[in-house]
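Working notes for the structure below.
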Amino acid sequence: MVCLSTASALISSLISDKLDSKTNMAEVAPAPAAAPAKVAKKKTSRPKKVGPSLSELIVKSVAASKERSGVSAAALKKALAAGGYDVDKNKARVNTVIKGLLTKGTLFHTKGTGAAGSFKVNKTSESTKPKKSEPTVFLLF
């Protein structure tokens, strides 16, 4: 009998300890693990391209041509490729720059539409820039 009473006392004490530890755990919740702070990545800036822009290259190659009917788009792309520009990789960029130069008035069409056809440098756009006139000063004596 002594064994049974000590065993029941031991079991009851274990049960009460477990109940106490569960209630203590419920009362004191463990702190959630802190989320690791996001490290801001440094943006790597591309190095500035050295040399003339594509529009300058196009205007120079069209101006250098002595053809009466202008330079065709295909010949222009060949001239850019000969100058070291990767035309196959940048086809869309070449076409958009040509269209931009047409809308600005730097180039004009002799044949074709859009970025196709033949082009010449527009001489009138360079010479017809409005010049600032000096203000007239009247001297009264």
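Some values worked out for this structure:
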read-out: Top positive-direction residue, dipole computed over the range 68-121 with Cβ charges, set 97, 108, 74; value: 108
read-out: At R0 = 35 Å, FRET efficiency that the Cβ-Cβ distance of residue 41 and residue 93 yields, to 0.05; value: 0.80
read-out: When each of 66/111; 66/120; 43/91; 78/123; 77/123 is checked by Cα-Cα distance, pairs over 20 Å; value: 43/91; 78/123; 77/123
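Each value in this text was obtained by applying a stated rule to the coordinates, not by laboratory testing. Since the model is a prediction, treat every value here as computed from it, not as a measurement. As a convention, Cβ positions derive from the backbone with ideal geometry for all residues, glycine included, and neighbour counts pool all protein chains shown.
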